[in-house]
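The structure under discussion appears below in the form of structure tokens.
The values are calculated or read from the model by the stated rules, or taken from the named source; none is laboratory data. Note that the coordinates shown come from a computational prediction; the quantities given were computed from them, not determined experimentally. Glycine also receives a Cβ, built like all others from the backbone with ideal geometry; neighbour counts cover every protein chain displayed. Side chains included, ligands, DNA and RNA excluded: accessible areas come from the protein's heavy atoms. Shrake-Rupley method; radii C 1.70, N 1.55, O 1.52, S 1.80 Å.
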Amino acid sequence: MLNKWFLSQNVVLGLNTTKTTTSKFNNPLFNQHFSFQISLTRFCTTTSQSESVTHPFAASYLINNFGFSHESALKAFNLKQVRFNTADKPDSVITFFQNHGFSHDNIRIMIRRAPWLLSSQPHKRFLPKFQFFLSNAASSSDIVPLLTTNPRILRSSLDLEKQIIPLFELLSRFLKTNKDIILCLIRYWTAFATNPYHLIVSNINLMSDFGVSDNVIGSLLQSRPSIFGSKDLIKSLEEVKDLGFHPSMTNFGTALMAKKCMSKKLWDEKIDTFKKWGWSDEAIIRAFRCRPELLLASIDKINLVMSFWVNQLGWNSLALTKRPHIFSYSLDKTITPRASVLQFLLMKGLREKNASLVAPFGYSGKMFLSKFVFSFKEESDYLLKLYEEKVKLAYTKENNGMPMPSTECVTC
């Protein structure tokens, strides 16, 4: 299966791999007309005489073509991330990426993240990897956005046979398709590349022997592969099991992720935060078993939800132990609009006082409206307006760049 990437590039990609050099005059990137306002000389490699005296050519190239500051360009040069004296090599890199579906913006983002790309020989370093990716069911539309933000996998010409292919074969045991494997490798290459291959294999085998299912292992590889670089994984596995999670169950992986993705200090701070709002140790453990994502919520998010629930709505915080999923919902887009409807129904006596406060938050949006808005004929217009105003306000805040509560995973 893996040998097919060694097929000639004319067969795999239909490409002519003869190395060519380009100039700013025949490289379409330089002559392209962009719909947004940008200087047409943005990619011109010519520098003023004063600049050429002050900066090495490579640094000036970064400044003129990619908007680097003088300091960041010189830093990249001094760290030997860029080493070229003419535009031939960097122009050939730009042309290579263009020919493989990368837009002007894609290339600009990549170079600002990884200026070393410009010092590479694209047909030697990049092309074999592109051939491998594309020959294993990934498409350009799949890999372009991932490589734009995660270009590290392109760095070494030795990675393919020494790291990428062995990891590909390892992941094929747990992921369903070749495409899934390729996308996982690109997205999380830093986690895979910074941990010894033998340690990753050892920890995968440890999990299997501990009773963790292949599906859970596959899910962790696609979401938090840094877990497999842990040197004390057995300790975390035992801790999660002691909390009441069976290794064969799907939620074991989520609980393990919560345990491994934060320091003990942060874990304890989150526990103390729940206690501050009236939860006991038993209530926290019960809620965590029900919804292990609970402790992936940030302390800010926990406090915001609790404050809204207790201080603004006047409801008992312990009700949330019965549906800890609520801490995963958007406060502005989901919790506030639904709570406003429920509060109105309670005020009007249209909902029994002993009815569950948390159950309505588990419905889909369509079902919630059907059950708690449209079923009340006389009030439905007002309820719908109330609901939609809260939702609209949430999106207005988001579009205006106001901070929204989020979850966190600080060490994975």
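Of all residues in segment 286-298, those that are touching a helix residue (DSSP H, G or I) at 6+ places or on another chain (Cβ under 7 Å) and open to solvent by 40 Å² or more (accessible area, probe 1.4 Å) total 4. So, residue 368, is that one in contact with a helix residue (DSSP H, G or I) (Cβ under 8 Å, 6 or more places away or on another chain), modelled with pLDDT of 95 or more and open to solvent by 40 Å² or more (accessible area, probe 1.4 Å) or not? So residue 368 fails the test.
Go through segment 378-394 residue by residue and tally those that are farther than 18 Å from residue 350 by Cβ and either over 36 Å from the mean Cα position of the chain (by Cα) or surrounded by 14 or more Cβ atoms within 10 Å (Cβ to Cβ) (or both). Qualifying residue count for the region: 4. The set of residues from segment 100-118 being open to solvent by less than 10 Å² (accessible area, probe 1.4 Å) and of a type in the set (Val, Ile, Thr) comprises 107, 111.
Only one of these conditions is not met by residue 181: (1) β-branched (Val, Ile, Thr); (2) farther than 21 Å from residue 76 by Cα; (3) open to solvent by 40 Å² or more (accessible area, probe 1.4 Å). Which number is it? If we test residue 181 against (1) β-branched (Val, Ile, Thr); (2) farther than 21 Å from residue 76 by Cα; (3) open to solvent by 40 Å² or more (accessible area, probe 1.4 Å), just (3) comes out false.
Listed by first and then second residue, the pairs with beta-carbon distance under 8 Å, at least 6 apart or on different chains, first residue in segment 245-264 and on the phi > 0 side of the Ramachandran plot, second open to solvent by less than 50 Å² (accessible area, probe 1.4 Å) and modelled with pLDDT of 95 or more, form an empty list. Suppose we filter 283, 255, 287 for residues that are over 27 Å from the mean Cα position of the chain (by Cα), hydrophobic (A, V, I, L, M, F, W, C), modelled with pLDDT of 95 or more and assigned to a helix (DSSP H, G or I); which single one remains? Matching residue, one of 283, 255, 287: 283.
Candidates in segment 58-74 are the residues that are open to solvent by 10 Å² or more (accessible area, probe 1.4 Å), part of a helix (DSSP H, G or I) and polar (S, T, N, Q); of these, the one that is farthest from residue 105 (Cα to Cα) is 72.
Among residues of segment 239-257 being surrounded by 22 or more Cβ atoms within 10 Å (Cβ to Cβ) and small (Gly, Ala, Ser), the one that is farthest from residue 213 (Cα to Cα) is 255. If the condition is being open to solvent by 30 Å² or more (accessible area, probe 1.4 Å) and either closer than 22 Å to residue 122 by Cβ or not in a helix (DSSP H, G or I) (or both), then segment 161-178 contributes 161, 162, 163, 172, 173, 176, 177. Selection over segment 335-364 of residues that are closer than 13 Å to residue 379 by Cα and of a type in the set (Val, Ile, Thr) gives a count of 1. Applying a threshold of 6 Å to beta carbon distances and a minimum spacing of six or more residues, or different chains, the list of pairs starting in segment 70-87 at a residue that is among the small types (Gly, Ala, Ser) and ending at one that is surrounded by fewer than 20 Cβ atoms within 10 Å (Cβ to Cβ) and outside any loop (DSSP other than H, G, I, E, B) reads 73/63. The number of residues in segment 324-350 that are open to solvent by 50 Å² or more (accessible area, probe 1.4 Å), more than 19 Å from residue 398 (Cβ to Cβ) and not polar (S, T, N, Q) comes to 4. Residue by residue through segment 119-139, note down the ones that are free of Cβ contacts under 8 Å to residues at least 60 places away in the same chain and open to solvent by less than 10 Å² (accessible area, probe 1.4 Å). If the condition is that a residue be free of Cβ contacts under 8 Å to residues at least 60 places away in the same chain and open to solvent by less than 10 Å² (accessible area, probe 1.4 Å), then 120, 122, 126, 129, 133, 138 are the ones that fit.
Within segment 262-271, restricting attention to residues that are within 16 Å of residue 291 (Cα to Cα) and not aromatic (Phe, Trp, Tyr), the residue that is surrounded by the fewest Cβ atoms within 10 Å (Cβ to Cβ) is 271. Taking every residue in segment 274-291 that is of a type in the set (Lys, Arg) and pairing it with any residue that is in a loop (DSSP other than H, G, I, E, B), at least 6 positions away or on another chain, the pairs with Cβ-Cβ distances below 6 Å are 289/244. Are any residues in segment 204-232 over 23 Å from the mean Cα position of the chain (by Cα) and touching a residue at least 24 places away in the same chain (Cβ under 8 Å), and if so, which ones? Those that are over 23 Å from the mean Cα position of the chain (by Cα) and touching a residue at least 24 places away in the same chain (Cβ under 8 Å): 206, 207, 210, 211, 212, 213, 231. For residue 147, the stated conditions do not hold, so it cannot be described as modelled with pLDDT of 95 or more and open to solvent by less than 20 Å² (accessible area, probe 1.4 Å). Selection of segment 364-396 for residues being assigned to a loop (DSSP other than H, G, I, E, B) and under 14 Å from residue 333 (Cα atoms) yields only 364. For segment 185-210, filtered to residues that are modelled with pLDDT of 95 or more and of a type in the set (A, V, I, L, M, F, W, C), the residue that is surrounded by the most Cβ atoms within 10 Å (Cβ to Cβ) is 207.
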